[in-house]
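The structure appears right after this line, and notes come after that.
Bear in mind that the values in this text are calculations on the coordinates, not laboratory data. These numbers were taken from a predicted model, which means no experiment stands behind them.
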Amino acid sequence: MNMDRKILAVLALTMALTTGCDWIRAKLDMPTSEDIAKKKELIAQKEAAEKAAAAVADSLVAADSTLQQVSPEPVPSKSEVQKPETASSGLNLTPRSNLDKTYYIIVGAFKTDELVKASFRQHEGILETPFAFSGNGLKYVAIGGYATLEEARAALYQAHQKAPDAWVWKKK
């Protein structure tokens, strides 16, 4: 009789070791290794989505901090004579007052016309035809204008494929 118990104990121990903890966990209504693996995969997917959203949010925060630095151009008085910037360089700048959208995707801000023209060539065909406007002593190169922030964010995500330093500028 004692021998039967030993054989039964060894058999039970062998069965527990060969079937693994999943059988025991299933009997105790605990998550099995398959359940744990699925949960880990869902967590990894969620973290990847959060990182992507954080990257877009970071670019928008950077854009917002840059917006604080860019102030609207002062309106010249009637006695001041305004010399157009396009006369000396041949660069066609869009006046800021003619920007009809609220949000714009900016790919660069430059001091020289040569850099603006190089940026035009570099960013041609990403979203829209690049255009430039001036403000705060710089010439900004934009590749798209949008009415809502959601549209601008979607376009920014697309633009980041070819222009990772692009950011959203909000017209005041």
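If the cut-off is 26 Å between C-alpha atoms, which lysines fall inside it for Lys139, apart from same-chain ones fewer than 8 positions away?
Lys78, Lys83, Lys101, Lys111, Lys117, Lys162, Lys170, Lys171, Lys172
Students often forget the sequence filter, so: which lysines lie under 23 Å Cα-Cα from Lys38 once same-chain residues fewer than 8 apart are removed?
Lys27, Lys46, Lys51
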